[in-house]
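Just so it is clear, none of the values below were taken in a lab; they were calculated from the coordinates. Computed from a predicted structure; not experimentally measured. All Cβ positions, glycine included, derive from the backbone under ideal geometry; neighbour counts span all protein chains shown.
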Amino acid sequence: MAFVVVAFVAISIFHRPLGVASTDDKGASGIYWSDTLTNESSDISQLRPMDNEIERFREKWEINGISLAVTRHDSLLYAKGYGWADREAGIKMGPKSIMRIASASKLVTAAAIMKLVEQGRMRLDSKVFGENGILNDTSFTSAIKDKRIENITIDHLLQHKGGFTLGAGDPMFNTADIMEVKRLKTPPDNNQLTKIVLGRRLGFNPGSGRRYSNFGYMLLSLAIEKTTGKSYWDYVSDEILRPAGAYRFRPATNYYTQRHPDETKYYGPDTVKIKEYNGSGRKVDRVYGGSNINGLLGAGGWLTSASDLARFVAAIDGAPGVKDILSPSSVMQMTFHEGEDKQTRGWTDSDGNGKWIRTGTLGSTHVLIIRFPEGDCWVMTTNSGVWTGHNFSRDMNRLVDRLRIKYGNAFPKRNLW
């Protein structure tokens, strides 16, 4: 348990919370735009049938809480919560509720990498490992057993083409097993975990295939730290999120007692207790201590509100309205794909016609971002996990498509930002 306390204290001391960093982030009234949002702000009579459909969806899938944000042409039209942020505490979900965004964090990390490329501090073809790599520490280079690892580039990691596979499980989620095999007394930190994985063989030559890799995006986070001399959290906060006007992003924590103000409670897909990730031998709730969520860094370690996530998207979409934090070239590179594989740099899916999708799934949350070519963006987040993740995600996608078609013209012309 001592490890957990130390980890939490480290987050508190070294990470400057986004909501309180400086007064120039605030408007003339001294508050952030996100502080002004309430469910009542989006209680619109014409949209109550839509609210009812969302409630039926929530009940169908036994989701405790859902948050929705809708934008059009970089204006926030709607932000509302449904159900419970914390059912046991009697706290309802609202537009200020923040929660884990799982792999939607990768979109943030990809934007941070593109910013470093624009700043001339990194190249997409920069090598990650080896003597001339970014992560060229002796402890890393000496751990490499497969020389192909030295061919991995930043762009390979961005596009899940680094060669890492899950033959030994996902190293970001099987900490307890790694501790047992390696006979470790404490959980490996990200540097130790990297050295362990560097001792394995790649599943394929870098760039020759694609396998989704959380580990690869954690490595991008370490590359950001090495390049900038800042923690991953601080660089992204200072250079990406704050300039985007997305103020309610926070680094994830692992336990209910560590939650941030306005953070929801998480509900897993079952009540079965599992081994705590840190090898303590305790049995814990799957969503609180089953995995090291904070250790995911840029692979899945952010939490925020649906409306702040929408604000971030508005700052990387190339559209007028919210000022973009990336150049048009970077926006294009993040959304461009070749062939039938629609996955891009940071986005889960880009159809080549301006429709971009980013999803995220953990045992504690599901996230869906759809940015439509007509300029609409829908962001939906949940604080509950569902076992049939892919079926649920597809149903959530269908729900958003249906709601947009049925109620898209009923949204008021306004900007809650």
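Quick notes
- Cα gyration tensor category, rounded, prolate or oblate, for the range 174-232 with a/c compared to 1.5: oblate
- Net lengthening on full extension, D170/R402 (0.36 nm per residue, minus Cα-Cα): 80.1 nm
- The chain: relative contact order in percent, alpha carbon pairs under 8 Å with at least 6 residues between: 24 percent
- Residue with peak Gaussian network fluctuation, the chain [Cα springs, cutoff 10 Å], from V197, V70, V386: V197
- Over 27 Å between alpha carbons, listed pairs K182/K283; K115/K355; K80/K342; K80/K275; K127/K342: K80/K342; K80/K275
- Residues of the range 153-183 with amide N under 18 Å of a point placed 7 Å along Cα→Cβ from K226: 153-164
- Under 11 Å, Cβ to Cβ, from D155 - net charge with Lys/Arg +1 and Asp/Glu -1: +3
- Relative to the compact-globule estimate of 2.2 N^0.38 Å, the Cα radius of gyration of the chain comes out at 0.95.
- Here the Karplus relation 6.51 cos²θ - 1.76 cosθ + 1.60, evaluated at θ = phi - 60°, turns the backbone of the range 210-215 into coupling constants of 9, 9, 3, 9, 5, 4 Hz, with x for every Gly and Pro.
- The trypsin sites (Lys or Arg not before Pro) of the range 145-179 that DSSP puts in a loop, and whose beta carbon has at most 13 other beta carbons within 10 Å, are K145.
- Extended-chain gain in nm, criterion 0.36 nm per residue less alpha-carbon gap, E55 and S208: 50.6 nm
- Cβ-Cβ FRET estimate between Y256 and R414, R0 fixed at 41 Å, reported to 0.05: 0.70
- Secondary-structure-derived ellipticity at 222 nm for the chain, considering helices only, amounts to -8500 deg cm²/dmol, per-run term -39500 (n - 2.57) for DSSP H runs with n ≥ 4.
- Whole-Hz ³J(HN,Hα) from phi, Karplus 6.51 cos²θ - 1.76 cosθ + 1.60, for the range 189-201, glycine and proline x: 6, 5, 5, 5, 4, 4, 4, 5, 5, 5, x, 9, 7
- Of the trypsin sites (Lys or Arg not before Pro) found in the range 297-399, those that fall in a DSSP loop while having at most 14 other beta-carbon atoms within 10 Å are K323.
- Using distinct alpha-carbon pairs, which all enter the 1/r mean, Kirkwood radius of the range 127-263 in Å: 16.3 Å
- Counting Lys and Arg as +1 and Asp and Glu as -1 over every other residue whose Cβ lies under 10 Å from the Cβ of T388, the net charge comes to 0.
- Model label points for I144 and T186, set 7 angstrom from Cα along the Cα-to-Cβ axis, are 2.9 nm apart.
- If the segment from N353 to Q119 were pulled out straight at 0.36 nm per residue, it would be longer than the present Cα-Cα gap by 81.4 nm.
- Electrostatic bookkeeping for F249 treats Lys and Arg as +1 and Asp and Glu as -1; over the other residues with beta carbon under 11 Å from its beta carbon, the sum is +3.
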